[in-house]
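*Asks:* Okay, here's the structure, questions in a sec.
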Amino acid sequence: MIDANDFVQVVTIDDTVYKLHFAYNDVLKSWSMDIRDNQNKDLVRSVRIIPNFPLLSQYKRHLEISGEMVATVTTDIQNIGRNDFIDGKANLVYVTREEVDEILETSI
């Protein structure tokens, strides 16, 4: 994550290149994410980035991503603020399918 209100980050997830478009809404005080393929075609739009919540689960039919993205936070916040990624209060992480399975097995 970079220090900007609106930007695109190119990432490789499960051996596929995606473009993640991040936008901060100053009125709602929250971040959203669009996921595009390498040719800039929208796959998923306006995913609200909610702390400690699986961000991709409801969009799996549109994506060839087997794992999950989660915005982890170090404090008890409801919305991730404009500078929280930069200040280290929040991190956006990709958890592989294997890691998700392991987490679910240990929590049962």
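*Asks:* For the list (1) at positive phi; (2) part of a helix (DSSP H, G or I), I need the number of the one condition that Ser46 fails.
*Replies:* Going through the list (1) at positive phi; (2) part of a helix (DSSP H, G or I), Ser46 breaks only (2).
*Asks:* Of the residues that sit in the range 54-86 and are in contact (Cβ under 8 Å) with a residue 60 or more places away in the chain and assigned to a helix (DSSP H, G or I), which one is surrounded by the most Cβ atoms within 10 Å (Cβ to Cβ)?
*Replies:* Among those that are in contact (Cβ under 8 Å) with a residue 60 or more places away in the chain and assigned to a helix (DSSP H, G or I), it is Phe85.
*Asks:* Let me ask something else about it. Looking at the range 60-78, which of its residues are at pLDDT 90 or above and under 20 Å from Ala23 (Cα atoms)?
*Replies:* Selection gives Glu68, Met69, Val70, Ala71, Thr72, Val73.
*Asks:* Here's something else I'd like to know. Which one of these does Val44 not meet: (1) open to solvent by 70 Å² or more (accessible area, probe 1.4 Å); (2) under 30 Å from Glu102 (Cα atoms); (3) out of contact with any Asp or Glu (no Cβ under 6 Å at 6 or more places or on another chain)?
*Replies:* (1)
*Asks:* Got a sec? Which of Asp34, Asp3 is within 21 Å of Asn91 (Cβ to Cβ), in contact (Cβ under 8 Å) with a residue 60 or more places away in the chain and either of a type in the set (D, E, K, R) or surrounded by 15 or more Cβ atoms within 10 Å (Cβ to Cβ) (or both)?
*Replies:* The conditions single out Asp3.
The values are calculated or read from the model by the stated rules, or taken from the named source; none is laboratory data. Model, not experiment: these values are computed from the prediction. For neighbour counting, all protein chains shown are included, and Cβ atoms are generated from backbone atoms with ideal geometry for every residue, glycine included. Ligands, DNA and RNA are excluded from the accessible area calculation, which covers all protein heavy atoms including side chains. Shrake-Rupley method; radii C 1.70, N 1.55, O 1.52, S 1.80 Å.
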